[in-house]
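Please read the structure below before turning to the comments.
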Amino acid sequence: MIFNEKMECLDAQALKTVQSERLVNTVSYLHKNSPFYQKRFAEFGVSPKDIKSIDDIVKLPFTIKDDLRDTYPFGLLSKPLREIREVHVSSGTTGNPTTVGYSKEDIDLWSEVIARSLCCGGAVPGDMIQIAYGYGLFTGGLGLHYGSLLLGLTIIPCSSGQTKRQLKILQDFKPRILACTPSYSLYMAETAHEMGIDTKKISWDIGIFGAEPWSEAMRKEIESNWNLQALDIYGLSEIIGPGVANECQHKTGLHVQADVFYPEVIDPKTNKPAAPGASGELVLTPITKTGMPLIRYRTRDIVTLTYDKCRCGRTTPRISKILGRTDDMIIVRGINVFPSQIEEVLLNIEGTQPHYQIIVDRQKGGLDDLEVLVELQESFFSDEVKQLQHFEQRIAKEIESVLSVGVKVRLVEPKTIERSEGKAKRVIDKRTL
Ligand code: DLL
């Protein structure tokens, strides 16, 4: 089933016409309603009359994550706050987090693109879905929720965590669809094995997995553990949350909802369009939003993009799985972590040195571990184990309060962390994703 055949199966010319019309409208809407873009367009010397078709998008300036941080919390809204129906917050690098705001129409759009994504993955009205993405400020839980409502699924809003309870619900309610991060599905498998559950004989047929990078090898592991089709869903809060792109059952790339989110791939060094089919940074422009539409948002995610037709019948362009990032952001248990956030905490604690290393590893069960090695100043080093442990706990607590993810801190002696003459290697990622 294709949720919106009209928009998901447009021929190339018709898609371009829809995109052109919508971009023209968005640019003039922002010019009228967004003080941020009024200024940005003026500085860049571009005005709505310069934008006549989707090809003119390259004349527009980029928007970056710092723009959201600098205007925190509501400076990028294009509607008065009282017309914003929902806000979500995601972690930033240092200092301010980033806030996104949705108008009523944006929530409807979000429901639509998630309904399309779920159908793309094989869901049909009447199916039961277990949503084990976090509900709350993270966009995963509520995004999947809205789309499931629109499609007519029966929702079990589990949120993440309470794994044994999730598994009991799975056995008793027999949902057909699971939605969570890929790593959490593996953690659930390990817990299920410990509980003596035969994971091959459960009711899930389809898994809608995303919010963090995962490889084909991990797909195989999940599919063989759970005996389901593991499909990839991509998105980011700044654009809408989950629902920007999703795999169909052919697993040949993620279908981008290109009539509402216009994708470009650029060379992040030159900022020029990448050669067709070459990998580069994904840049997205929502062309129907009203609450907080962004122009040419630099996702920092590296992908390839193809316009080849897919066997499922959809004509939408497809991105590859996310191949990497252009910055140093890592994703731990679905939470975005920037090394600079940890650095800032350390710089504020007397006795620590700005020499640190972050080690990320994946437990056998699928959960990520985050360990931070911190160098102590000579004068703070103590022979008393208790004192050092106390210090470690204090640092861990402060980092946790910034990152909202559990962390283990290990103090190391001065000058033990490898020094670098170039870019310091702050992150050692041991996960085989
Ligand atoms: O992670 C939205 C989401 C929720 C997507 C649930 C899918 C499912 P943010 O917290 O703003 O939003 O993080 C966005 O996460 O720029 C990517 O780097 C990464 N990411 C999201 N989906 C995938 C994926 C949500 N399928 C950032 N594969 C993005 C790889 C992903 N990375």
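The values are calculated or read from the model by the stated rules, or taken from the named source; none is laboratory data. Note that this is a predicted model, so its numbers are computed, not measured. No Cβ is skipped: glycine too gets one built from the backbone with ideal geometry, and neighbour counts run over all protein chains shown. These accessible areas exclude ligands, DNA and RNA; they are computed on the full protein's heavy atoms, side chains included. Shrake-Rupley method; radii C 1.70, N 1.55, O 1.52, S 1.80 Å.
When 135, 146 are checked against the criterion of being among the aromatic types (Phe, Trp, Tyr) and part of a helix (DSSP H, G or I), a single residue qualifies: 146.
Answer yes or no: is there a residue in region 237-259 that is more than 26 Å from residue 88 (Cα to Cα), open to solvent by less than 10 Å² (accessible area, probe 1.4 Å) and free of Cβ contacts under 8 Å to residues at least 60 places away in the same chain. For region 237-259, residues more than 26 Å from residue 88 (Cα to Cα), open to solvent by less than 10 Å² (accessible area, probe 1.4 Å) and free of Cβ contacts under 8 Å to residues at least 60 places away in the same chain: absent. Taking the criterion of being among the small types (Gly, Ala, Ser) and either open to solvent by 40 Å² or more (accessible area, probe 1.4 Å) or within 16 Å of the ligand (Cβ to nearest atom) (or both), the only residue of region 292-321 that qualifies is 320.
Residues in region 140-157 that are buried (at least 23 other Cβ atoms within 10 Å of the Cβ) and more than 14 Å from the ligand (Cβ to nearest atom) were compared, and the one that is nearest to residue 245 (Cα to Cα) is 151.
For residue 375, the conditions (1) under 30 Å from residue 301 (Cβ atoms); (2) surrounded by 15 or more Cβ atoms within 10 Å (Cβ to Cβ); (3) in contact with a Lys or Arg (Cβ under 8 Å, 6 or more places away or on another chain) all hold with the exception of (1).
Taking the residues in region 202-231 that are open to solvent by less than 10 Å² (accessible area, probe 1.4 Å) and under 21 Å from residue 282 (Cα atoms) as candidates, determine which candidate is farthest from the ligand (Cβ to nearest atom). This residue is 231.
For region 106-122, filtering for residues that are open to solvent by 10 Å² or more (accessible area, probe 1.4 Å) and more than 12 Å from residue 260 (Cα to Cα) leaves 4.
Scanning region 347-362 for residues that are of a type outside the set (A, V, I, L, M) and buried (at least 19 other Cβ atoms within 10 Å of the Cβ), we see that the one that is nearest to residue 329 (Cα to Cα) is 357. The residues in region 187-198 that are in a helix (DSSP H, G or I), at pLDDT 90 or above and open to solvent by 20 Å² or more (accessible area, probe 1.4 Å) can be counted, and the count is 2.
Answer yes if at least one residue in region 265-272 is open to solvent by less than 30 Å² (accessible area, probe 1.4 Å), more than 14 Å from the ligand (Cβ to nearest atom) and under 29 Å from residue 102 (Cα atoms), and no otherwise. Scanning region 265-272 turns up at least one residue that is open to solvent by less than 30 Å² (accessible area, probe 1.4 Å), more than 14 Å from the ligand (Cβ to nearest atom) and under 29 Å from residue 102 (Cα atoms). Residues in region 296-315 that are within 23 Å of residue 63 (Cβ to Cβ) and either in a loop (DSSP other than H, G, I, E, B) or aromatic (Phe, Trp, Tyr) (or both): 296, 297, 304.
Condition first: closer than 19 Å to residue 122 by Cβ and under 23 Å from the mean Cα position of the chain (by Cα). Now tell me which residues in region 153-200 satisfy that. Those that are closer than 19 Å to residue 122 by Cβ and under 23 Å from the mean Cα position of the chain (by Cα): 155, 156, 177, 178, 179, 180, 182, 185.
Only one entry in 161, 152, 235 is modelled with pLDDT under 95, of a type in the set (Gly, Ala, Ser) and within 29 Å of residue 85 (Cα to Cα), namely 161. Residues of region 124-139 that are open to solvent by 30 Å² or more (accessible area, probe 1.4 Å) and within 10 Å of the ligand (Cβ to nearest atom): 137, 138.
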